[in-house]
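Everything below concerns the one structure shown next.
The values are calculated or read from the model by the stated rules, or taken from the named source; none is laboratory data. Note that this is a predicted model, so its numbers are computed, not measured. Counting neighbours? That spans all protein chains shown, and the Cβs are built from the backbone with ideal geometry, glycine included. Ligands, DNA and RNA are excluded from the accessible area calculation, which covers all protein heavy atoms including side chains. Shrake-Rupley method; radii C 1.70, N 1.55, O 1.52, S 1.80 Å.
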Amino acid sequence: MEDMIFGTGPYAVSQPVTRTEDPRLLRGGGNYTDDKNLEGQAYAVFVRSPMAHGDIRAVNISAAKAAPGVLAVLTSADIEAAGLGTLPNNLPVKSKDGTPLIKPPRPILATDRVRHVGEPVVAIIAETLAQAQDAAELVELDIAPLPPVTTMDDAVRDGAPQLHAEAPHNVCLDFQMGDATATAKAFDEAAHVTKLHLDNNRCFVSAMEPRAAIGDFEDDRYVLHVCSQGVMGMRNTLAGAIFNVEPEKVHVITSDVGGSFGMKAMPYHEYPVIMLAAKQLGRPVKWTADRSESCISDHQGRASQFEAELALDKDGKFLAARVTGLADMGGYLTGTGPLAQSVNIGKNLPCMYTTPAIDVNMRCVFTNTIYVGAYRGAGRPEGNYIMERLVDTAAREMGIDPIQLRRRNLVPSSAMPYKAASGQIIDSGDFEPMLVQAVAASDWAGFEDRRANAKARGKDRGIGVCAYLEVTAPAGKENGGIRFGEDGRVTMVSGTLDYGQGHRATFGQIVSARLGIPFEKLDLLQGDSDELLVGGGTGGSRSVIAAGGAFYEAAAEVIEKGKAVAGHVLEAAVEDIEFENGDFRISGTDRTINLLDLAAKARELGGANGLPDSLDVNLVHDTAPSAFPNGVHVAEVEIDPDTGVTEVVKYTVVDDFGNMINPLLVGGQVHGGVVQGIGQALMEDVVYDDDGQLVTGSYMDYALPRADQVPDIVFLDHPVPATTNVLGAKGAGEAGVSGALPALMNAVVDALAGYGVKTINMPATPEKVWHAIHG
């Protein structure tokens, strides 16, 4: 990496720069989708299925159509008459027999059958929201109930109700990854085999901002204002799969977004409905979910279970790992469908160990529950959770210290680049010294004194460790644009999208360091599909790698264009022009011109003498391959044996994110991930009854972590720059969850070990912990 990318001063790369949008947001200046109102807009309300499984015999909308203020009532017949498609899944993943993923149609509005509570059946469009709500109460749904299947085990039982004719036994994917023969041989020869059943509890995504959208139709184009994770993917899917029009016929606009965690990446049922209604009515149509509606219309996360095994020799060396499991897809496939619970588990299972062989077998099944999609980490936490729970359990069973067992199996730095059993090539890492650093930073040696102190207070204290390694999203394409405005400001253009990450600060540090542009003069444009060439959106912990690389390449092109113009202005040969710290200089002289001044001069010249008519650059960047963020989490918990309440009392993180562009914002990402890990590990659980009714349909029934349940999180750095991208970065957005889940659950099991408890599944609620203690 070139030293010049780091820049100098308070906004240089590696400096802790605060998010530039925070003052505006804290003053109430946010512009979220629900804040928008277009002239003449109408309002949409959806009538949803109250049943989890049933055949639609009749839908009576006559009273609703006659209700005051109602402009339109749409059903599946209207969607079909307009020629709209269905919500797609484009994953190329295959079953182990080579057959493709089974993809039953996911209708925009239910046609002949409903497959989960909350499936939209009718859309009401009215002058006001209240009128639409009132009219929705008048819709009569005649649904003949069918037997529901609400658990993964029930879904694959002989004689189970079938959700889709295309998916026998409710299985859409029978996935296998790894060397099954080598794995079986390793288990046959193992001195010790550890086995665990692990539940990966279903979670609400719980983004702070509910989903919202405004559909419009103007200048013979569909327009959608929507909260998303990237406008280009949203545009292309709506245009190609649903409306069957050229991409340019759909304009997607995203402003501020209040969190997403994977949930807002893909189109949902509501979006094409309001876009079609806007076209037919000749006026915008707005829809915003309330929180209860979010619980039955947003895709949910996790929802899988595993039979996990680890084979070891007599000295504790890992020989192989094997996973056999089920993953719940809900009633339909989302756009990301089974990816998290199949491919991504396999990629992430080896962690930072030399395990020679793996065998991952996952059946992805349909149930009469709400569909499941990507949720922060999307398979990365699962792969690490499986391995790290196995390692801690094996250590206890074999009487080996859990730190020492890990040290015996870590990939040494000298082996890099290392080909893992998953087939992934880990380019860099310094695992053992990082583990040693985490042990020291967490005062592991002093833990027994803390345990004794807790016991004297009537509490059971436990300690858990996790040595995780993630595989970020693979290579793709990203927009890198730099525009020089007449007002002296510079706009960075990217197809990623900020929904809480602080992109403007981070990307600004890169561009400022590379081009010497004052940080405060930089703006960021992301959420307008008309302004972009391509866009990979934000997800998979790849934004800095993808967009940072794009801006790095764009900056190099700006410099080259600038040298041509500077040569003309300074009356020197282009090869004699140097660029440094924002100035073009004739080599060996003090004759210079600043980049911003040169940009103005280029506009003034207007392309005369064959020169560029501006210094603007807009390019498509081929992004770098996956990176491998890794780290060690150490958690300590205290459990009250009388109530089963678990308190997280100490938390230490040592991470390798390569070169951190902005360590302050990276630390914030880690903190947020750890808190989400606390939620899943200790309290969060989406529950359905046997009829497929959502029992945890509000935050009165679904627990989220609160501030007083989160300890101080010590965040330390052990950087080893990635060798596969120009910034040396590794991605940090999802790693906090991957480390937190196993560290916390290992700590809970350690605290309960004195009661003879060998394992406990997430979430470790007070009730579950109390029963584990008291038998």
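Between Asp188 and Asp55, the simple spin-label model (points 7 angstrom out along Cα→Cβ) gives 5.1 nm.
Span-like helix check, the chain: qualifying full DSSP H segments, with Cα axial length of 24 Å or more and mean Kyte-Doolittle of -1.0 or more, are 380-398, 543-569, 663-682, 735-752.
Ordering Val493, Val645 from largest to smallest accessible area (1.4 angstrom probe), what's the sequence? Let's see the in-between values first.
Details: Val493 0, Val645 70 Å².
From most accessible down to least: Val645, Val493.
Considering every alpha-carbon pair of region 479-522, the percent of pairs per 5 Å bin, from zero through the bin containing the longest distance, is 5, 22, 33, 25, 13, 3. With all protein chains in place and ligands, DNA and RNA left out, the 1.4 Å accessible area ranks Glu21, Glu647, Glu575 as Glu575, Glu647, Glu21, largest first. Placing +1 on the Cβ of every Lys and Arg and -1 on the Cβ of every Asp and Glu, with nothing else charged, gives the chain a dipole about its Cα centre of roughly 940 debye. Computed from label points 7 Å out along Cα-Cβ, the spacing between Ala165 and Asp22 is 5.7 nm. Going through the cross-link list Lys103/Lys758; Lys103/Lys264; Lys650/Lys730; Lys561/Lys730; Lys317/Lys730; Lys347/Lys455, which pairs have a Cα-Cα distance over 32 Å in this structure? In this structure, Lys103/Lys758; Lys347/Lys455 lie more than 32 Å apart at Cα. For region 64-158, just say rounded, prolate or oblate: build the C-alpha gyration tensor, square-root its eigenvalues into a ≥ b ≥ c, call rounded for a/c under 1.5, and beyond that prolate if a/b exceeds b/c, oblate if not. Because a/c hits 1.5 or more and a/b exceeds b/c, region 64-158 counts as prolate.
Of all the accessible heavy-atom surface of region 436-565, with the other protein chains kept in place and a 1.4 Å probe, what percent is carbon and sulfur? All intermediate terms of the calculation are to be shown ahead of the outcome.
Values: 2100 of 4110 Å².
Roughly 51 percent of what the probe reaches on region 436-565 is carbon or sulfur.
The residues of region 192-254 expose, per residue, 33 Å² of accessible area to a 1.4 Å probe.
Rounded to the nearest 5, what % of DSSP beta bridges with both residues in region 585-740 are antiparallel? Provide the component values of the computation, followed by the final result.
Numbers: 13 of 18 bridges.
Bridges in region 585-740 are about 70 percent antiparallel.
Given a 1.4 Å probe, how much area per residue of region 591-692 is accessible, in Å²? It would help to have the intermediate numbers written out before the result.
Values: 3300 Å² over 102 residues.
Using a 1.4 Å probe on heavy atoms only, each residue of region 591-692 averages 32 Å².
Taking the accessible area of region 691-775, probe 1.4 Å, and keeping the other protein chains in place, the carbon and sulfur fraction comes to 55%. Site pair Glu127 and Glu580 shows an inter-label distance of 7.1 nm when each label is modelled 7 Å from Cα along Cα→Cβ.
Just checking my list (1) 85, 72, 52; (2) 143, 98, 51; (3) 93, 67, 55 against Cα extents along the principal axes in Å computed from this structure; which label fits? Checking each listed value against the structure points to (1).
Multiplying the residue separation of Thr354 and Asp401 by 0.36 nm and removing their Cα-Cα distance gives an extension gain of 15.1 nm.
Expressed as a whole percent, the accessible surface of region 304-405 that belongs to carbon and sulfur atoms is 52, based on a 1.4 Å probe. Between Asp158 and Ser698, the FRET efficiency estimated from the beta carbon spacing at R0 = 35 angstrom works out to 0.45. In the chain, a dipole from Cβ-located charges (positive for Lys and Arg, negative for Asp and Glu) runs towards its positive end, and of Gly301, Gly739, Ala420 it is Ala420 whose Cα lies farthest in that direction.
Does region 384-522 come out rounded, prolate or oblate, given a ≥ b ≥ c as the square roots of the eigenvalues of its C-alpha gyration tensor, rounded meaning a/c under 1.5 and, failing that, prolate meaning a/b above b/c?
Details: a/c = 3.16, a/b = 1.98, b/c = 1.60.
Because a/c hits 1.5 or more and a/b exceeds b/c, region 384-522 counts as prolate.
Need one word for region 443-488: rounded, prolate or oblate. Basis is the Cα gyration tensor (sqrt eigenvalues a ≥ b ≥ c); a/c below 1.5 gives rounded, then a/b vs b/c decides. Prolate.
So how do Lys477, Lys314, Lys730 rank on accessible area, 1.4 Å probe, biggest first, that is with the largest at the start? The partial results should precede the final answer.
Details: Lys477 115, Lys314 155, Lys730 0 Å².
Correct descending sequence by accessible area is Lys314, Lys477, Lys730.
Between Leu319 and Ala311, Leu312, Asp313, the built amide H atoms are under 5 Å apart, and every one of these is 5 or more places off in sequence or on another chain.
Average accessible surface for region 128-171: 54 Å² per residue, computed with a 1.4 Å probe over protein heavy atoms with every protein chain in place.
Under 5 Å from the amide H of Ala729 lie the amide H atoms of Asn659, Ala722, each residue being 5 or more positions distant or on a separate chain, with H modelled from the backbone and absent for Pro and chain starts.
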